[in-house]
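What follows is a single structure, written as structure tokens, with notes after it.
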2 protein chains.
Amino acid sequence: MNDVALTTETQPVKELFIKMTVDAWNTQVTRLTKLFDALSDEQLATQTAPDRNTGIYLLGHLVAVTDGMLPLLGYAEKIHPELEKPFLTSPDRSGLEIPTVQELRKYWTAINAKLSEHIAATAPDEWFTKHNSVSAEDFAKEPHRNKLNILINRTNHNSYHLGQLIYLKPKQ
Amino acid sequence: MNDVALTTETQPVKELFIKMTVDAWNTQVTRLTKLFDALSDEQLATQTAPDRNTGIYLLGHLVAVTDGMLPLLGYAEKIHPELEKPFLTSPDRSGLEIPTVQELRKYWTAINAKLSEHIAATAPDEWFTKHNSVSAEDFAKEPHRNKLNILINRTNHNSYHLGQLIYLKPKQ
């Protein structure tokens, strides 16, 4: 009886917080997707500000970071590990071979659809388990380093680059 | 007995969410503060990209938005309501009178210190109550529109503009 009562009380709080966190993630992904859709290939090829990252680099960077969330959250292996070198460990204009902008656009859509499927299928309690780059020992002491926290941090990472990518849009 | 058990079980979960959310907020505020401290008044006076907002405008904008969180979260009246016109409802270079950059720097520090005090003094259950721009009726149907959600959204807003303000820093 007590166990049932505990579950009834705790689960709604967890589910509410998960909803708030997932909603915030979806909001930023939707904003980025709308912006990418509104920008031409030529606009994406330009720099967000003089001598700063191009739209293509930031698109590739965001695809690579989102892809990295699959193993980090224990969902799956990366779909595009080949993006790590040009978009995570190298700066823009590194001279490394990169996919075309059309390919990167498709990757963005596919990787976010894939991640969304996994997010929707994640049980509430699962969100509060450790992510895959924290040790069991550290997690025991720092229970906030859970999977949901990854989503919070990556949402802010998306917002950060959205603020830069918006500069590719001509001023109204 | 049952009540005690419920409280014991639910509070740690709530406190964990709150810690995750407040940590994310603090991380972005600290990043912004470090950046503002690293930028000279002259650098802040320049545009983040050609024909885009200046650093001063974004500093004033972020002060005004943070100030607006005081009434929204039910803590206090705005400290600087005079910033609303030039930094929330008007664009950059509106010709309106604005404080000096030195004054805005002080406001940034003061408003964040004030908000941090209120955040630290907020009881866990209080975070899950409605914020002040949602009606009681809507909140009953949408319990995620609580005070903690404001903090999540404003953290992303800070990240968004941090991505732009970083362009004021000379490239290494």
With N set to the number of residues, divide the alpha-carbon radius of gyration of segment B:1-97 by 2.2 N^0.38 Å and report two decimals.
1.54
If I take R0 = 45 Å and measure r between the Cβ atoms of residue A:140 and residue A:37 in this structure, what FRET efficiency does the formula 1/(1 + (r/R0)^6) give, to the nearest 0.05?
0.55
Log entry: pair-distance distribution for chain B, C-alpha pairs binned every 10 Å from zero, whole % per bin is 9, 34, 31, 17, 6, 2, 0
Angle check, please: helix A:55-72 long axis (alpha carbons) against the longest principal axis of chain A (alpha carbons), in degrees 0 to 90, nearest 10.
20
Where the centre of each part is set by its Cα atoms, how far does segment A:70-119 sit from segment B:102-122, in angstrom?
39
List, in the order given, every pair from A:85/A:147; A:14/A:106; A:106/B:141; A:85/B:14 whose Cα-Cα distance in the structure shown is over 30 Å.
A:14/A:106; A:106/B:141; A:85/B:14
Whole-angstrom Cα spans of the protein assembly as shown along principal axes, big to small
65, 51, 39
XL table A:171/B:130; A:34/B:169; A:78/B:34; Cα-Cα > 31 Å flagged, in table order, is A:171/B:130; A:78/B:34
Send over the per residue convex hull volume for segment A:74-136, Cα only, as a whole number of Å³.
104
Using only the alpha-carbon atoms of segment A:101-158 as identical scatterers, what base-10 log of I(q)/I(0) does the Debye formula give at q = 0.16, 0.19, 0.24 Å⁻¹?
-0.62, -0.78, -1.01
Need the C-alpha centroid separation for segment B:9-40 versus segment A:126-172, integer Å.
12
Debye-sum result for segment A:41-102 in log10 I(q)/I(0), which assumes one identical scatterer on each alpha carbon, at q = 0.17, 0.19 Å⁻¹
-0.58, -0.69
So, with points 7 Å from each Cα along the Cβ direction, the residue A:51-residue B:110 label distance in nm works out to 3.7
Shielding score for A:143-152, defined as the mean number of other chain Cβ atoms within 10 Å:
4
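Each value in this text was obtained by applying a stated rule to the coordinates, not by laboratory testing. Since this is a predicted model, take the numbers as computed values, not measurements. Methodologically, a virtual Cβ is constructed for each residue, glycine included, from the backbone with ideal geometry; neighbour enumeration extends over all protein chains shown.
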